[in-house]
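Quick one: structure below, then a few questions.
Each reported figure results from applying straightforward, stated rules to the coordinates on display, with no laboratory input. Every value quoted in this text rests on a predicted model; they were computed, and no experiment measured them. Ideal geometry is used to build each Cβ from the backbone, glycine not excepted, and the neighbour counts take in all protein chains shown.
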Amino acid sequence: MSTKIVTARVGLPNSYALSSYLEHGGYQSLKKALLEMTPEEVQAEVTASGMLGRGGAGFETGRKWSMLKQDPVRYLVVNGDESEPSTFKDHLLVENDPHQLVEGTLITAYAIGATRAFIYLRGEFALGLERVQAAINEAYAYGAIGRNILGSGFSVDLVLQPGAGAYICGEETALIESLEGKRGYPRIKPPYFPAVIGLYGAPTIVNNVETMSNVPWIVANGGNAFAALGKGRSTGTRLFALSGDVLRPGNYELEMTSKTFRDLIYDPEFGGGLREGRSVKAFIPGGVSAPWFGPENLDLPLGQDEVAQAGSMLGSGSIIVLDDHSCAVRAAWRITKFFNRESCGQCTPCREGSGWIEKIMHRLELGSGTETDLDLVLDACDNIAPGLTWPPQQTTICVLGPSIPSSVVSAIKMFRDEFMIHIKEEGCPFVH
Amino acid sequence: MSTDVSQNLITISIDGRQIQAKSGELLIEAAEKAGVFIPRFCFHNRLPQVGMCRMCLVEVKGPRGFSLQPSCYLPVNEGMEVVTESEKVKKAQDGVLEFLLINHPLDCPTCDKGGECPLQDQTLAYGPGESRFIEEKRHWEKPIAISELVYLDRERCIQCDRCTRFADVVAGDALIEFFGRGDHTEVNVFPERPFSSYFSGNTVQICPVGALTATPYRFKARPWDLSQVESSCTTCSMGCRMMVQSSQNEVMRYLGLDSDAVNHGWLCDKGRFGFEAINSPERLTAPLIRKGGEFVETTWASALSLIGSKVSEVRGAGGAGRIGFILGSRLTNEDIYAWVKLAKGVIGTDSVDFQLGDGLRGEVIASLPRATLNEAVSAKAVLAFTGDIKEEIPVLFLRLRDAVRSGKTKMVTIGTRASSLDKLSEVSASVTVDQLQLLAKGLLHEGSKFAEIAAVLSKQGVGSDGEGLVVLLGRENLAWDQSVVEAFAVELSRALPKAKFLVTLRASNFSGSTDLGGSPGLLPGRTRLEDASPALRQKWVVLPSQVGRGVKEMFKGALQGELDLLFVIGSDPRQDFIDTELAGAALDRVGFVVSVDTFLSATSERADLVLPAAAFAEKSGTTTNLEGRVFTLNQKVTPPGVCRSDWTIASEIALELGEDLGFGSPAEILDEIAEVSLIHWGLSFDRLTRTATVDGMVVPISATALAIRPRALLDQVSTPGIASVWNQGLASSKTAYVEGEESEEAREVTGTPQSLSTKVLGAPIWPLASVQPTGNLALEYSRKLYSQGEHLKNSPHLSRLIVEAKCRVSPRTAKELGVETGGFVRISDKAGGGAVFEVETDDSVRNGAVEIVRGSFFISGFSPVRADETVNYVKVERA
Amino acid sequence: MSFFTPENLEKAQVLVGLYPDKRSALIPLCHLAQGQHGHLSKEAMEEIGDLLGIQPAEVMGTASFYDMLHTEEVGKYVVGVCTNVACLLGGGLELLDHASDTLGVPPGGTTEDGMFTLEEVECVAHCDKAPCAQVNYRYFGPLSNGDFDKLVDDLANDRLSDSVPPHGVLSRVFRDAPPMVPLEIIHQERREMDEAKKARLAAQNPDAGGKQ
Ligand SMILES: Cc1cc2nc3c(=O)[nH]c(=O)nc-3n(C[C@H](O)[C@H](O)[C@H](O)COP(=O)(O)O)c2cc1C
Ligand code: SF4
Ligand code: FES
């Protein structure tokens, strides 16, 4: 039986209620942190855990906290905007174990000395918003938030902020702008590194929901116990969101590097394999911003560096499988359409490029493209992320821009023949 | 808004060339100074940068080698290595332009911006040869009117955020915004809330494409048909620097010039679009003489000889003292000097004035230590006791707003009414006449609000002698007589001798009038009659024997039959004198009235002789702004009919009297001014036109104002409309005087003594005793930007914006009067004249007061302000 | 006259008080207004502007950035069919076509009776239930064409009104907490915390501080 950290309580009756949470050890870590540990000690445990942020960029959480500028006013913002296509892990956590998130957030607020904490939750998560707000209300009543928390002398308020439907607000500086009541425009880094200039211009830590949800466990069991799981930089467990052409799509919490993509996709406990007679044509290892992998990479372990070395990224931990009956052109077109719809519109290459590429890809999918369109698309991609390398060269304000080419370039590189069939047969050869 | 830069110089390398830059300066600006122009769209030197368009990418070396970085967002640092011309940079620029063009309509032939369009120009220079885009372009309804003055074509918009940033950050009028997201982002206004900003025209000017166009200019000209001269706006006392552009002898538009000391490139809409009046068919084009109650055209020769005989007649009979002169704000320094010389130096009367009871006496202005604009915006603290700056001197409001927002200074205000300055102020205190007196004496120790003001000043480090304080002094409430303000200023200046004053009166060139003797008791050079310089004595035929009358005294004298001849030059006292009824009665009593004007104003309607004058852009000269800065005005078009420059008319009259004023051109007048007036020492046309920067020169000229260095080329993308014409070789000067640096010539020039006679006035007389309420409500008589007047009435687009005559009262007062918004009241003045006004309730008006806007009505028989009242009350009752 | 009902105005005031800068309450206020009215009317945006001390254009500028905030009228049920990649692979585009046929409106359209607005949406994090749809942000999936028709029928006949409130009612749980701890107290506490931390560090590491 593998270790479960963040989903340990998922599936229990009323797992989202305070009573259930308390019954299963809830708020003990908060007590421990506040009453028995100094903020530095909490921070030291998280640093020792080696936990990489679960939001997509994979930055070490302990290190991020240590970079927080020590101004008297500083904020904590939890990133629950989860909108990366095919990522639905935070969705699970906020609906099923909101108190774990609240507890992790409060411990973090204590560790970094935040003057106020915010949980920014994706607006479309109506149930999640209700569950988290109810948890916050319960936690206030329980004495875990607000003035003099659990008698520790530490006070902090926690505010739930709903988003309103804009993928880009998952990007941490856009999220901050959105939280300030503005259009979700990412800020330019430098100088707007949140740890230095964040919410209201004050130093701010932004962490993902899953990252926060791990914190109570780390405080309870120690950073070393967490670090003992996994391998190399990939410590602890991760929630992998599996979707696409598999029989059992879903969230699976796995010890990092302990399984391979093949295990995740085929193991009857997890993905359960593909439909009768089908095989993996390609899979996306870490959200639609990531370059695609072919079947030759199925045996890579689910680890941060392992995937990076093979030329892609583990990103948000969402794995999308395409079987041999699915159209690569169509998938790549749809992903481009997503970026086009979600570009905030600040940067010319991202705003205009995404729309143009989407139009050409759509034409290609519908069979009215030409071979020169392929070069045109690649050149337009190159004008967004020069060189089309991985990791991409960024010439835009945020990395949404350079994420646009990933799918298109992967599809053209891996399935040029499929494009050619579309062109020659003036239509998509696959049945939908 | 470039970030504050410490002065230390560092070395960076651009394309292998070592250049010097200021540490922390933005790369795009440092490169430009070194002669390397990096293309851009969203960057504008007067706006906070946003790095959105991505046009300015260049390669910069970092720890991991060279990478493309936005030069508009990158501060330079020592040793920085930059490449602006590599294949990679070119491909990036090419790519961005291609992206921008895919959705940009190709309607350049019918686009106002065509020919001066940064998108066109930079596509030519850096862009792809042809488009590979075959898809359908984005479509929006085009164009839509977003205000009376501005049209928006969203298809042309390239989302650079300049207009929206300007409106929000610079103007503080966030009325246009980005709506939508991604490639569906559009600029627009909120439904039924037009872009009614006083500064909207600036967005048209800085739009790098033709998305925003100005209604008064649309489809009127092609940029390549325009020619231009540099000039200064004379709509108010700010003197914003601008380009006057014309085609076929018709003024087509004005564009703001970026003067660091003055307007930062901005103009207000009243200034920008007022050019329409010049082209008005209503202009006076020939001298008119009254014959049997009707005006008939006459010749200059007969008009002038009639004047000559009238002057001689009056002088012979009752003396020069029975002749008066009222000078208006249209006049250049040269016009003023010529008329002052005619009046005081030839005819011998000192009854010359330029204020219409709505300003301050020249003598008072001259005696206050003057602050420059730059001193004001960087003062430790600013104390404002002035009319609403946004309504009166709009671009000064932008400067103050910028200074306060960027933390350069802190402001406190006192007054009777809410104003736009309140938002910029740490403390705004409502004040009564009694408090004002106490305030001036002990600076601000009485009462809680005043204690707060004192606290702000001391926190800001203002000295107990006033060191570091700049006072903005104007007419906060025109229902208070100017003597109240004058007494306050003089008293305050005594209590705080190191405090400086920036007189914020609205009338253009009030400073020039003050400096050139355009008020009773003063001679050119801010000297008193008895202190005339030897040079002046030599150049002038006579000197007035006694101090003359100001406008109010002239009018009261007229009622007594003591004024036989009145010259009104570029002024309309019948409508604009603070007490319109006194003005009306007086003008009816004067024996003979000569009006020199551009339109048939209420005053000229009453005149016996009307002389047609050349308007702005039809004559050359100089003007002085509120801080004492002198700029050139240049002629661009020839006046209609037989209009003449004002100074010429003065010269001609002198000739009729057998005297030669001694000059034949504005340049010669300025030379004489520099000779007879100590504060104008060193000033010449040559210096102003050939070598001065757009900043002009503050008088008296100091050593640091005369250093020469090459004139920086204007960034053609920041000021699109100028560059395209500028590049056709019409630019005037290549080198410039720059304030703050020394030069040899400077030392030579300023080696001259500069003792000025600025004697402080006698003890102020506080008019407390006479304050007796004579009505039920205190009057708040304010100004708005768009008020009646010939200029606005004859500018078709602006005339639609003239404010409605309404009165405003607090909700409580309204209740006491038994009216609501939309109801009507009758307002009666002290003499029993009255008029009916629509009511608007407004929280910002004090209880027990009624606010009406000067210039929103002109009703015969009714003058809410009476010249003899210190504080005006009116009777208000439900109508 | 206020746009917000007295009850909602009270809630609005609570929301405005949650932030060091009140503009932060903009999105929550927009949700509140939509909950009351189904979409963001002109009057709602004007009132939100007043509550936050900003121009209505700024409210609209921000609101229009976000897909969930509708400045035009929408149906009682806003049905979003996801066609992003996981749903696409599961037949999302075909489901959208079917939905369009069933409701008789193209994506973006509202049925004549004002009951339904159809939208094509991006991934709604329900990928394990592909193809899926959301109705007023409540989730349904995987959906066959038949499932979809039944869903529409249930909605039209009020059989789901418990789980799917009318459009705009996002969270039925409102903040129920004591007033915010005053920021001055928090700031004071943090200062003390920081000093204690400095002292601890100095004690641990006596060489590091003090001298130099
Ligand atoms: C376009 C874009 C979208 C993102 N979306 C999310 C998101 O939905 N949730 C998230 O936690 N992080 C997202 N991120 C990453 C965040 O910027 C940030 O790195 C993360 O929240 C940090 O948390 P962590 O350190 O706990 O991973 C996104 C980044 C980009 C560029
Ligand atoms: S890259 Fe795209 S999403 Fe990111 S800031 Fe630029 S336009 Fe917005
Ligand atoms: S991004 Fe630098 S000028 Fe636009």
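Would you kindly state how much longer the chain becomes between C:Glu184 and C:Ser161 on full extension, computed as 0.36 nm times their sequence separation minus their alpha carbon distance, in nm to one decimal?
Values: separation 23, 0.36 × 23 = 8.28 nm, distance 4.49 nm.
The span from C:Glu184 to C:Ser161 would gain 3.8 nm if fully extended.
Looking at region A:222-273, which GluC sites (Glu not before Pro) are in a loop (DSSP not H, G, I, E or B) and have at most 13 other Cβ atoms within 10 Å?
A:Glu269
Could you work out the Rg to Rh ratio of region B:9-85, with Rh taken as the Kirkwood radius (inverse of the mean 1/r over all Cα pairs)?
Values: Rg = 11.3 Å, Rh = 12.2 Å.
Across region B:9-85, the Cα-based Rg/Rh ratio is 0.93.
Separate question: Please identify every one of the trypsin sites (Lys or Arg not before Pro) in region B:478-536 that sits in a loop by DSSP and has no more than 16 other beta carbons within 10 Å of its own beta carbon. Walk me through the numbers on the way to the answer.
Numbers: sites: B:Arg494, B:Lys498, B:Lys500, B:Arg506, B:Arg526, B:Arg528; in loops: B:Lys498, B:Arg506, B:Arg526.
Counting only loop positions with at most 16 other Cβ atoms within 10 Å, the trypsin sites (Lys or Arg not before Pro) in region B:478-536 are B:Lys498.
Now, a different point. Among C:Cys127, C:Thr111, C:Tyr77, whose Cα lies farthest out toward the positive end of the dipole of region C:77-156, if unit charges sit on the beta carbon of Lys, Arg (+1) and Asp, Glu (-1)?
C:Cys127
Quick check for me: using +1 on Lys/Arg Cβ and -1 on Asp/Glu Cβ, what's the dipole size of chain A about its Cα centre, in debye to the nearest 20? Intermediate values should be presented prior to the final figure.
Numbers: 37 positive and 49 negative charges, 145 e Å.
Dipole of chain A, to the nearest 20 debye: 700 debye.
How would you rank A:Met67, A:Met313, going from fewest to most other Cβ atoms within 10 Å of each one's own Cβ? Kindly include the intermediate steps, with their values, before the conclusion.
Numbers: A:Met67 14, A:Met313 21.
Ranking A:Met67, A:Met313 by Cβ neighbours within 10 Å, fewest first, gives A:Met67, A:Met313.
Filter B:Lys552/B:Lys793; A:Lys31/A:Lys69; A:Lys189/B:Lys88; A:Lys32/A:Lys259 down to the pairs with a C-alpha to C-alpha distance above 28 Å, please.
Details: B:Lys552/B:Lys793 26 Å; A:Lys31/A:Lys69 26 Å; A:Lys189/B:Lys88 22 Å; A:Lys32/A:Lys259 33 Å.
From B:Lys552/B:Lys793; A:Lys31/A:Lys69; A:Lys189/B:Lys88; A:Lys32/A:Lys259, over 28 Å: A:Lys32/A:Lys259.
In what sequence do A:Glu352, C:Glu189 fall when counting other Cβ within 10 Å, fewest first?
Numbers: A:Glu352 31, C:Glu189 18.
Result, fewest neighbours first: C:Glu189, A:Glu352.
DSSP loop GluC sites (Glu not before Pro) in region B:109-198 with at most 16 other Cβ atoms within 10 Å of their Cβ, which ones?
Details: sites: B:Glu116, B:Glu130, B:Glu135, B:Glu136, B:Glu141, B:Glu148, B:Glu155, B:Glu177, B:Glu186, B:Glu192; in loops: B:Glu116, B:Glu130, B:Glu135, B:Glu136, B:Glu141, B:Glu148, B:Glu155, B:Glu192.
Counting only loop positions with at most 16 other Cβ atoms within 10 Å, the GluC sites (Glu not before Pro) in region B:109-198 are B:Glu130, B:Glu135, B:Glu136, B:Glu141, B:Glu192.
Here is a follow-up. Restricting to bridges with both residues inside region B:777-878, how much of the DSSP beta-bridge set is antiparallel, in percent to the nearest 5? Mind dumping the intermediate values first?
On the way: 13 of 23 bridges.
Antiparallel bridges: around 55 percent, rounded to the nearest 5.
Then there is this: Charges only on Cβ, +1 for Lys and Arg, -1 for Asp and Glu: so what's the dipole of region A:12-170 about the Cα centre, in debye to the nearest 20?
320 debye
From the phi angles alone, apply the Karplus equation (6.51, -1.76, 1.60; θ = phi - 60°) to region B:71-88 and give each ³J(HN,Hα) in whole Hz, x where the residue is Gly or Pro.
5, 7, 10, 10, x, 7, 9, 3, x, 4, 10, 10, 10, 10, 10, 6, 4, 5
Quick one: dipole size for region B:816-879, taken about the Cα centre, charges +1 on Lys/Arg Cβ and -1 on Asp/Glu Cβ, in debye to the nearest 20. Walk me through the intermediate numbers first.
Values: 7 positive and 11 negative charges, 60 e Å.
Roughly 280 debye for region B:816-879.
Can you sort A:His422, A:His99 by how many other beta carbons sit within 10 Å, fewest first?
Numbers: A:His422 25, A:His99 29.
Listed from fewest to most nearby Cβ atoms, that is A:His422, A:His99.
Taking a threshold of 22 Å on the Cα-Cα distance, which of the pairs B:Lys270/B:Lys556; B:Lys423/C:Lys22; B:Lys90/B:Lys113; B:Lys784/C:Lys22 fall above it? Before the final figure, lay out the partial values.
On the way: B:Lys270/B:Lys556 34 Å; B:Lys423/C:Lys22 17 Å; B:Lys90/B:Lys113 25 Å; B:Lys784/C:Lys22 32 Å.
Over 22 Å Cα-Cα: B:Lys270/B:Lys556; B:Lys90/B:Lys113; B:Lys784/C:Lys22.
Straight-line reach from C:Lys76: which lysines have Cα under 28 Å away, leaving out those fewer than 8 places along the same chain?
A:Lys182, A:Lys337, C:Lys11, C:Lys42, C:Lys129, C:Lys150
Residue-wise, which Karplus ³J(HN,Hα) couplings in Hz belong to region B:48-62, taking 6.51 cos²θ - 1.76 cosθ + 1.60, θ = phi - 60°, and x for glycine or proline?
x, 7, 10, x, 8, 6, 6, 7, 9, 5, 9, 8, 10, 7, x
Moving on to the next point. What number, in percent, do you get for the relative contact order of region B:364-506 if the mean sequence gap of Cα pairs under 8 Å and at least 6 apart is divided by its residue count? Could the numbers behind the result be given before it?
Details: 250 pairs, mean separation 48.6, N = 143.
Relative contact order here is 34 percent.
Shielding of A:328-337 by partners, i.e. mean partner chain Cβ atoms within 10 Å per residue?
Details: counts 0, 0, 4, 4, 1, 2, 9, 3, 0, 6.
Partner-chain Cβ atoms within 10 Å, mean over residues of A:328-337: 3.
Also: In the protein assembly as shown, what percentage of the DSSP-assigned beta bridges are antiparallel, given to the nearest 5?
Once the DSSP bridges in the protein assembly as shown are tallied, antiparallel ones form about 55 percent.
Then there is this: Semi-axes of the equivalent ellipsoid of region C:77-156: what are they in whole Å, largest first, if each equals the square root of 5 times a C-alpha gyration tensor eigenvalue? List each step's numbers first, then the result.
Numbers: eigenvalues 68, 28, 25 Å².
They are 18, 12, 11 Å, listed from largest to smallest.
What distance in nm separates the simple spin-label points at B:Ser799 and A:Glu23, each placed 7 Å from Cα in the Cβ direction?
Simple spin-label model gives 8.3 nm for this pair.
Could you check what % of the DSSP bridge pairs in region C:77-156 are antiparallel, to the nearest 5? Working shown, then result.
Values: 7 of 13 bridges.
Among the beta bridges of region C:77-156, antiparallel pairing accounts for roughly 55 percent.
Another question, if that's okay. Relative contact order for region C:77-156: what percent, with Cα pairs under 8 Å and sequence separation of 6 or more? Please list the in-between numbers first.
On the way: 142 pairs, mean separation 28.7, N = 80.
Once divided by the residue count of region C:77-156, the mean separation gives 36 percent.
Remind me, relative contact order of chain A in percent, using alpha carbon pairs under 8 angstrom and six or more residues apart?
15 percent
Also, quick follow-up: Tell me which residues come under 5 Å, amide H to amide H, from B:Phe295 once H is placed; ignore anything under 5 positions away on its chain.
Sorted by chain and number, the residues that satisfy this come to none at all.
Of the options B:Ser430, B:Leu373, B:Ser493, report the single residue whose Cα projects farthest towards the positive end of the charge dipole of region B:364-506 (beta-carbon charges: Lys, Arg +1; Asp, Glu -1).
The residue sitting farthest along the positive end of the dipole is B:Leu373.
Please list, in order along region C:192-200, the HN-Hα scalar couplings obtained from phi with the Karplus expression 6.51 cos²θ - 1.76 cosθ + 1.60 (θ = phi - 60°), rounded to whole Hz, x for Gly and Pro.
So the Karplus estimates, Gly and Pro as x, are 5, 4, 5, 5, 4, 5, 4, 4, 4 Hz.
Okay, next question. Taking just the alpha carbons, could you work out the radius of gyration and Dmax for region A:1-70, both in angstroms?
Rg then Dmax for region A:1-70, in Å: 14.9, 42.
Give me the one-decimal nm value for the distance between modelled label points at B:Ser860 and C:Glu72, 7 Å along each residue's Cα-to-Cβ direction.
5.6 nm
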